[in-house]
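Comments concern the structure below.
The values are calculated or read from the model by the stated rules, or taken from the named source; none is laboratory data. Just so it is clear, the structure is predicted and the values come from calculations on it, not from any experiment. Virtual Cβ from ideal backbone geometry, glycine too; neighbours counted across all protein chains shown. Calculation scope for accessible area: heavy atoms of the full protein, side chains included, ligands and nucleic acids excluded. Shrake-Rupley method; radii C 1.70, N 1.55, O 1.52, S 1.80 Å.
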Amino acid sequence: MKSILLINGNDPKALLNSTLYGADAVAYDLHEAVDAADKDAARLLLQEALAFFDFGDSGVFVRVNPLSEGGVEDIAVAGKGKPQAFILPRADAKSLPKADAAVAALEAENDFAPGSVKLIPAVESVAAVENVSALLASCPRIAAVVFNARNFLKDLGVADTGDAMQILHARSKVALACRAAGVPAIDRPWYDAKDRAGFEADARNARALGFTGKLAANGGQVPLINEIFA
């Protein structure tokens, strides 16, 4: 799994076009991409889209809200469309067992095979980085780990300068722990669509540190991610 394309989970046109870019997986975002007033409608839209749209060979993920902010509802409602995995923001060793229980309930209620729906925790806090090995050991459903540098730096209390040295230690720790656990490590998205050189340098840096893939903030980034992480 080299490329995961982030898609607004409340945009019907984006949903229909999401598999056109050649990403290994698409991740429909119910968290930061959807306003609070639109969460319920977005869950239902995504449930229908997942159930009836042909995604071809692309993996299908849903980025839910934190469990205490609607994530359980995201899993229960959008999950009826049976995504292959849920990306869990602000994950840690305490929240993952709760997410595991919510997914197990989804599987039981909808006659999905036990263990068939996976979890992809997002490591995005200082504590999560420091305890990433415990996070990896806390749940058997983990299919990959995502590193969210933007929120990590915010939690660290520093501005994101774009300098890869800021996150060298955190990236290395996540990549090493994932390698030891046999779990894919997926690097941060690069949001500046105009800075292609910066994006390429960032992707190559992550690959050199042991990451196996990268989130794509837009479809145009997918081909280069696939090339670098091949």
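Values for this structure:
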read-out: Extreme residue, farthest from Ala127 (Cα to Cα), among residues of the range 88-99 that are open to solvent by less than 40 Å² (accessible area, probe 1.4 Å) and part of a helix (DSSP H, G or I); value: Ala99
read-out: In the range 173-194, residue nearest to the chain's Cα centre (by Cα) [restricted to those that are surrounded by fewer than 14 Cβ atoms within 10 Å (Cβ to Cβ) and at pLDDT 95 or above]; value: Gly182
read-out: Residue match in the range 153-168 (condition: surrounded by 14 or more Cβ atoms within 10 Å (Cβ to Cβ) and closer than 21 Å to Ala27 by Cα); value: no
read-out: Answer from Val77, Val64, Val103 - the residue that is farther than 19 Å from Phe147 by Cα, of a type in the set (Val, Ile, Thr) and in contact with a Gly (Cβ under 9 Å, 6 or more places away or on another chain); value: Val103
read-out: Conditions (1) touching a residue at least 60 places away in the same chain (Cβ under 8 Å); (2) of a type in the set (Ser, Thr, Tyr); (3) open to solvent by less than 10 Å² (accessible area, probe 1.4 Å): number failed by Tyr28; value: (1)
read-out: Residue pairs meeting the criteria (Cβ under 7 Å; at least 6 apart or on separate chains; first of a type outside the set (Ser, Thr, Tyr), in the range 167-179; second assigned to a helix (DSSP H, G or I) and open to solvent by 60 Å² or more (accessible area, probe 1.4 Å)); value: Ala177/Ser133
read-out: Any hit, the range 209-217, residues being within 24 Å of Thr19 (Cα to Cα), of a type in the set (Val, Ile, Thr) and under 16 Å from the mean Cα position of the chain (by Cα); value: yes
read-out: Selected residue (criterion: surrounded by the fewest Cβ atoms within 10 Å (Cβ to Cβ)) from residues of the range 53-87 that are among the charged types (D, E, K, R) and over 21 Å from Pro12 (Cβ atoms); value: Asp57
read-out: Index of the failed condition, Asp160 passing every other in (1) in contact (Cβ under 8 Å) with a residue 24 or more places away in the chain; (2) acidic (Asp, Glu); (3) under 22 Å from Ala91 (Cβ atoms); value: (1)
read-out: Matching entry among Ala122, Ala134, Ala108, Ala128 (being open to solvent by 10 Å² or more (accessible area, probe 1.4 Å), touching a Pro at 6+ places or on another chain (Cβ under 9 Å) and either part of a helix (DSSP H, G or I) or under 18 Å from Ala170 (Cβ atoms) (or both)); value: Ala108
